[in-house]
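The values are calculated or read from the model by the stated rules, or taken from the named source; none is laboratory data. Note that this is a predicted model, so its numbers are computed, not measured. Glycine also receives a Cβ, built like all others from the backbone with ideal geometry; neighbour counts cover every protein chain displayed. We work out accessible area using only protein heavy atoms, side chains counted, and drop any ligands, DNA or RNA first. Shrake-Rupley method; radii C 1.70, N 1.55, O 1.52, S 1.80 Å.
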Amino acid sequence: AALPFYVAGRSRDSGILPDGPSVKYAEVTNSDSTGSGSADTQPTKSAPKSNEEMVAVRDYAPSIRVELKYAGKKNMTGRRLYDYNEAYLRYGTVKKLMRAQKMLEKYGMGLKIWDAYRTPDAQKKLWAVCPNPAYVSDPSKGYSSHTRGNAVDVTLVDTDGTEMVMPTGFDNLTKLADRDYSDIEDEYARENASLLEKIMTSCGFTPYSEEWWHFMDKDTYSVVKDFVPPE
């Protein structure tokens, strides 16, 4: 049976969520650019033969916004770590993101990607700046799920690409960024983060406990070492 879902104080039937938030919009903050995205939801390429294939998210889910934080300098390193601006993931992971995007679009919301595939070299550079395993995986012990192409850092946006209020900005290495939302004073930030977590989980992702924005595909893959994203 359909369950009540509240958006901006109005009840709608979602059929997926046990409880729902009131949504409040926030101005874009901690942003390198306006990001990219499109109202067009049709894929621009035919589906690959394997879920393991690395693909550009834009080719299959053009309505998902992309603003790779490590392609700019507004991140915890203060450096540009990526030579590319497109988000790349395993095709199987992209299909799950597409389902999440479709759920959110029913309520005038969508996803913005802050990080997706990360090269092993970029992972080493990130670890050199922040050698804290709570936030960055030690590349000498197996790298990160980002280097496997099946992890994504995302936030919520409205139809214009405006970021919604969330518990923290990206790369906030404090307890405010974890999934215990009881320490977040803004009720809308708590509810938006909870909504994002519920939808992503329902689409086959596992949330990471220390970062509200980080989700891992439940399907695992090996580290991608021979894929070089086009600049």
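General remarks:
- Pairs, first more than 12 Å from Ile113 (Cβ to Cβ) in the stretch 86-98, second part of a helix (DSSP H, G or I) and aromatic (Phe, Trp, Tyr), C-beta under 8 Å, six or more apart: Tyr91/Tyr60; Lys95/Tyr60; Met98/Tyr60
- Matching entry among Thr220, Thr174, Thr147, Thr201 (being at pLDDT below 95, of a type in the set (Ser, Thr, Tyr) and touching a Pro at 6+ places or on another chain (Cβ under 8 Å)): Thr147
- Some residue of the stretch 14-34 being modelled with pLDDT of 95 or more, under 17 Å from the mean Cα position of the chain (by Cα) and open to solvent by 30 Å² or more (accessible area, probe 1.4 Å): no
- Residue match in the stretch 119-134 (condition: over 16 Å from Met76 (Cβ atoms), in a loop (DSSP other than H, G, I, E, B) and at pLDDT below 95): yes
- Verdict on Val165 being in contact (Cβ under 8 Å) with a residue 12 or more places away in the chain and either touching a Gly at 6+ places or on another chain (Cβ under 6 Å) or more than 24 Å from Lys74 (Cβ to Cβ) (or both): no
- Each residue in the stretch 140-181 was checked for being open to solvent by 20 Å² or more (accessible area, probe 1.4 Å) and part of a helix (DSSP H, G or I), and 7 pass.
- Residue check, Leu196 hydrophobic (A, V, I, L, M, F, W, C) and open to solvent by less than 20 Å² (accessible area, probe 1.4 Å): yes
- Test: residue in the stretch 50-70 that is at pLDDT below 95, in a strand (DSSP E or B), within 16 Å of the chain's Cα centre (by Cα) and surrounded by 15 or more Cβ atoms within 10 Å (Cβ to Cβ): no
- Pick from the stretch 200-228, criterion closer than 18 Å to Arg118 by Cβ, assigned to a strand (DSSP E or B) and not β-branched (Val, Ile, Thr), ranking: most open to solvent (accessible area, probe 1.4 Å): Met216
- Residues within the stretch 49-81 that are in contact with a Lys or Arg (Cβ under 8 Å, 6 or more places away or on another chain) and hydrophobic (A, V, I, L, M, F, W, C), tallied: 6
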